[in-house]
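See below for the structure under consideration.
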Amino acid sequence: MKDRQSLVKQWVRPEIQALQAYHVPAADGLVKLDAMENPYSWPEAMVADWQQRLQGAALNRYPDAAAVSLKARLREVMGVADEQDILLGNGSDEIIQLLAMAVAEQGRSVLAPEPGFVMYRMIATFTGMQYCGVPLDEDFDLDLPAMLAAIEREQPALVFLALPNNPTGNLFSADKVKAVIEASPGLVVLDEAYTAFTDRDHLSYLHYPNVLVMRTLSKVGLAGLRLGILIGGREWLTELDKLRLPYNINVLTQLSAEFALDHFSVLTDQTQTIRRERAVLFEALAAMPGVEVWPSEANFILLRCDEARTIHARMKAAGVLVKCLDGAHPMLENCLRFTVGTPEENQRMLGAFTEALAP
């Protein structure tokens, strides 16, 4: 009989064996500013009301498989038109996986600009599709000639455009986004994970028959719920819903998300505070010698400094965890990504960064 390792090598697809699992570093005891989370909790009275609502959860029963009530509240709060449908996922990652599974076929490809969200590439691999990453231009905008050439060559079944983009934080030029949509033969997904931190949204782009818009509640303060949202034509979502596992949105998530949407002004106020703090943090970072900083429309800021890996390690030793992106993509050489935290967290992050930069 073969040993376990031999069996794994025999039966697990080689491209899966070659992957590195998505790594989430431990953050115990650290100021955690590496994962683009909302740093603010709810007011005590709101927490008490939420706990009261959860007392009515029927944990012995399966949740509403279609999450009808939750979808109705999302439609109202987000201004989703009647002719558009909504599909929910256990985080945006599950929605990306459903999209790839729906169109996966031998020889088909997924295309996205890079640097971008790593899960586009990983899930393309999971589903046996080819992945084509197209480098952004020097301003981190879409390199439109390169994108159009890649679309013509690859004829991708699926294109992802993150607006704003992670990890660069910027919005791609609207005219370039439209050109990519119009040139794409397959589905184009506009990933609006960070839409709460910018004034531009793309629901109006749903008039294109090949466009879907993806959102999440994670960045506005509900990361622990893992609720991803896909908005678009019923023709697309009807097919995608066939791939969604039953009861994928549990009863506690449904009740909690509905409660949060009933108090959405609290979350909106928090995101506005984060936007103001982003401006303060950007100004402080931009004034530092030897630091290159890019403007952001998200809840994080990308910067470049010498010896980023060493700086990252020094900051972590000082109790502050940020994201080191050096090595993730050639355009991110010596780059760090700072999540915008509370004013106190930001000051501590700036202090740790300043000390780490010192000789």
Q | Cα centroid separation, the range 121-142 to the range 219-239 (Å) | A | 21
(Q) Bin width 10 Å, origin at 0, all Cα-Cα pairs of the chain: what percent of pairs per bin? (A) 5, 22, 31, 26, 13, 2, 0
**Q.** the range 34-127: Rg to Rh, with Rh as the Kirkwood radius over Cα pairs
**A.** 1.06
(Q) Run the count for the chain, please: Lys pairs, Cα-Cα under 25 angstrom, 8 or more apart or on different chains. (A) 7
Q. At each listed q (0.12 Å⁻¹), what is the log10 of I(q)/I(0) that the Debye formula gives for the range 99-210 modelled as equal alpha-carbon point scatterers?
A. -0.37
(Q) For a Förster distance of 22 Å, can you work out the FRET efficiency between the beta-carbons of D3 and H23, rounded to the nearest 0.05? (A) 0.20
Q.
Between the range 300-359 and the range 61-97, what is the separation of their alpha carbon centroids in Å?
A. 36
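Using only the alpha carbon atoms of the range 46-100, find the Kirkwood hydrodynamic radius as the inverse mean reciprocal pair distance, in angstroms to one decimal.
Numbers: mean 1/r = 0.0731 Å⁻¹.
When all Cα pairs of the range 46-100 are included, the Kirkwood radius is 13.7 Å.
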Q: Report the label-to-label distance for A58 and N250 in nanometres (one decimal), using points 7 Å from each Cα along the Cα→Cβ vector.
A: 1.8
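Given a 1.4 Å probe and heavy atoms of the protein chains only, how would you sort R276, R73, largest accessible area at the top? Don't jump to the answer; show the numbers that get you there.
Details: R276 140, R73 45 Å².
The ranking, largest first, comes out as R276, R73.
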Q) When only Cα pairs under 8 Å and 6 or more residues apart are kept, what is the percent relative contact order across the range 186-323? A) 19
Q) In the Gaussian network model of the chain, springs joining C-alpha atoms below 10 Å, which of E37, E152, E114 carries the largest mean-square fluctuation? A) E152
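Go through the range 155-208 and name the trypsin sites (Lys or Arg not before Pro) that are in a DSSP coil and have 11 or fewer other Cβ atoms within 10 Å of their Cβ.
The qualifying sites are R200.
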Q: In square nanometres and to one decimal, what's the mean projected area of the convex hull around the Cα atoms of the range 187-263?
A: 5.8
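Evaluate Rg over Rh across the range 7-54, taking Cα atoms for both radii and Kirkwood's formula for Rh.
On the way: Rg = 20.2 Å, Rh = 15.5 Å.
Rg divided by Rh gives 1.30.
Where Rh is the Kirkwood radius over the Cα pairs of the range 100-154, the temperature 20 °C and the viscosity 1.002 mPa s, what D in µm²/s does Stokes-Einstein return? Show your work: numbers first, answer last.
Working: Rh = 11.7 Å.
Here the translational diffusion coefficient equals 184 µm²/s.
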**Q.** Neighbour cut-off at most 11 other Cβ (10 Å), DSSP loop, trypsin sites (Lys or Arg not before Pro), the range 19-62
**A.** R61
(Q) Give me the base-10 log of I(q)/I(0) for the range 243-359 at each q in 0.09, 0.11, 0.16, 0.17 Å⁻¹, Debye formula, one uniform scatterer per Cα, rounded to two decimals. (A) -0.35, -0.49, -0.79, -0.84
Q: Calculate the spin-label point distance for A358 paired with T342, positioning each point 7 Å from the Cα along the beta-carbon direction, and give it in nanometres.
A: 2.6
(Q) For the range 171-235, what does the relative contact order come out to in percent, with C-alpha contacts under 8 Å and a separation of six or more? (A) 28
Q: Starting from the Cα of L243, step 7 Å toward the Cβ, then list every residue of the range 180-210 with an amide N under 13 Å from that point.
A: 187-189
(Q) Using a 7 Å offset from Cα along Cα-Cβ at E76, what residues in the range 252-278 end up with backbone N under 20 Å from the label point? (A) 252-269
Q) Which of the listed residues, Y22, P209, P43, is farthest toward the dipole's positive end in the chain, when Lys, Arg count +1 and Asp, Glu count -1 at the beta-carbon? A) Y22
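Can you pull the percent of the chain's accessible area that's carbon plus sulfur, 1.4 Å probe, other chains left in place?
52
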Q. For E83 and W11 in one chain, what is 0.36 nm times their gap in residues minus the Cα-Cα distance, to one decimal in nm?
A. 21.4 nm
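The values are calculated or read from the model by the stated rules, or taken from the named source; none is laboratory data. Keep in mind that what you see is a predicted model, and the values were worked out from it rather than measured. Using ideal geometry, Cβ is built from the backbone for each residue, glycine included, and neighbour counts are taken over all protein chains shown. Accessible surface areas use protein heavy atoms only, side chains included; no ligands, DNA or RNA. Shrake-Rupley method; radii C 1.70, N 1.55, O 1.52, S 1.80 Å.
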